[in-house]
Amino acid sequence: MATRYSISIAVILASTCEWAAGLQHSIRNISSQLAREQPYPIEGTETSSHCEYFTVKCPGGDKRISGNMVMLGDKGLWCPNAKIGTTTVYDVLTKVNDWPADEDGRIRRCYPAPPGSHVQECWYENEMRSAAAMVHRDVAEEMCSAYTFTFIRNPWDRVRSAYNGKIATGRISVDGRTDMTFAEFVRFIDKQDPADMNYHWRPVSQVCLTSGKNPAQYDKIYRLEDGFNSNLAEALEQIGWEVDEITAQNQKTDPSVEERISNYTQAEGIKNKHELVEIVKKVYKEDIELGGYTFEEYA
């Protein structure tokens with residue numbers, strides 16, 4: 001018989017989650033005390049417009065989880081980040097598990113919580129589920145023993161990739177415009193609150209709680225530059241899924257150091273050659289430190 005636990009759910013502004021914009025819209029009928037039949041209680045939920053983090057009280061100790069993580073089968077927890085191999089991961093998962101496409105023909109995905117809501121609902125039977133949905137449905141046991149992983153990427157390359165793929169092509173309108181230069185785009189990011197950032201350039205530290213005073217626990221944080229295919233195969237092997245072949249999707253070779261320097265220091269309309277470099281360094285400080293990245297060196 002399951003032990004009855006008291007689950008405290010509090011709205012807290014954590015160091016990596018200090019976002020005021022839209023906070024009121026994210027608070028949905030949260031009571032000070034809830035009692036549920038749950039052998040693995042959830043405590044200390046931190047919530048804001050784009051993030052929800054949980055501390056799961058597991059037999060081996062507390063396990064901190066980002067609500068944007070995705071449960072793969074019953075053994076893996078992956079935190080996806082756009083422009084860091086996410087399309088390839090979903091493509092591989094679809095092929096390995098022979099998942100059918102959605103009604104519109106798209107590969108099944110678990111997207112981060114939408115603006116105005118802190119609950120990421122994604123539930124494809126027991127094959128792919130959002131961590132937030134699992135918590136809200138009182139299914140936490142599997143997360144205790146899951147292999148947790150994510151991928152990071154050099155922020156200077158990721159921001160440029162987001163610009164090339166989404167802004168320069170007009171696929172995403174920024175500040176009501178579809179004609180921004182790269183310099184204007186980087187300056188726009190500098191003025192944004194993380195809560196308002198599009199998922200394609202939101203810092204990994206914000207989406208996956210990889211940094212801060214109380215970061216989520218990860219078994220492995222892989223760098224995209226260190227052999228993405230082999231690292232993805234390793235991660236999936238850890239959760240019992242064997243991969244025969246991985247074909248990169250929407251992925252081009254990252255720019256050389258020379259190209260990166262040119263993209264940033266010779267961009268149209270820059271005030272000085274260090275302007276854009278320093279903006280990215282400031283906005284993505286935690287991601288840069290986590291990956292040991294530099295602007296002047298590859299990866």
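The values are calculated or read from the model by the stated rules, or taken from the named source; none is laboratory data. These figures come from a predicted structure and were not determined experimentally. Don't worry about glycine lacking a Cβ; one is built from the backbone with ideal geometry, like all the others, and counts go over all protein chains shown. All accessible areas refer to the heavy atoms of the entire protein, side chains included, with ligands and DNA or RNA removed. Shrake-Rupley method; radii C 1.70, N 1.55, O 1.52, S 1.80 Å.
Mind putting together the pair-distance distribution for the range 135-231? All Cα pairs, 10 Å bins, whole percent per bin, short to long.
Here the calculated profile for the range 135-231 is 13, 36, 30, 18, 4.
Put +1 on the Cβ of every Lys and Arg and -1 on every Asp and Glu Cβ in the range 139-271; which of Ser161, Pro194, Asn231 then has its Cα farthest towards the positive end of the dipole?
Ranked along the dipole, the leading option is Pro194.
For the range 57-106, what % of the accessible area comes from carbon and sulfur atoms, probe 1.4 Å?
43 percent
Going by amide H atoms built from the backbone, whose H comes under 5 Å of the H on Leu77, apart from near neighbours?
Distant-sequence amide H within range of Leu77: Leu72, Tyr147, Thr148, Phe149.
Over the range 124-194, what is the relative contact order in whole percent, taking alpha-carbon pairs under 8 Å and six or more residues apart?
That works out to 16 percent.
What is the set of long-range amide H partners of Gln217 at a cut-off below 5 Å, with H atoms built 1.01 Å from backbone N?
Under 5 Å from the amide H of Gln217 lie the amide H atoms of Arg64, each far enough along the sequence or on another chain.
Whole angstrom only: what separates the Cα centroid of the range 273-299 from the Cα centroid of the range 195-216?
16 Å
In terms of Cα to Cα distance under 17 Å, which lysines are near enough to Lys281, apart from those fewer than 8 places away along the same chain?
List returned: Lys191, Lys271, Lys273.
Between Thr94 and His136, what's the calculated FRET efficiency when r is the beta-carbon distance and R0 is 30 Å? Round to 0.05.
Between Thr94 and His136 the formula returns 0.75.
With a 1.4 Å probe and all protein chains left in place, how much accessible area per residue does the range 121-222 have, in Å²?
Ligands and nucleic acids excluded, the figure is 39 Å² per residue.
What does the highest-first list of 285-291, 77-83 look like by mean Cβ count within 10 Å?
Sorting 285-291, 77-83 by mean packing, highest first, produces 77-83, 285-291.
Over 20 Å between Cα atoms, which of Lys95/Lys166; Lys75/Lys220; Lys166/Lys282 qualify?
With Cα atoms farther than 20 Å apart: Lys95/Lys166; Lys166/Lys282.
What is the spin-label model distance, in nm, from Glu259 to Lys285 if the labels are put 7 Å beyond Cα along the C-beta direction?
3.1 nm
Please list, in order along the range 156-168, the HN-Hα scalar couplings obtained from phi with the Karplus expression 6.51 cos²θ - 1.76 cosθ + 1.60 (θ = phi - 60°), rounded to whole Hz, x for Gly and Pro.
Running phi through 6.51 cos²θ - 1.76 cosθ + 1.60 with θ = phi - 60° gives 5, 6, 5, 5, 5, 5, 4, 5, 4, x, 10, 8, 4 Hz.
In whole percent, how big is the carbon plus sulfur part of the accessible area of the range 181-286, probe 1.4 Å, protein atoms only? Mind dumping the intermediate values first?
Details: 2390 of 5660 Å².
The computed percentage sits at 42.
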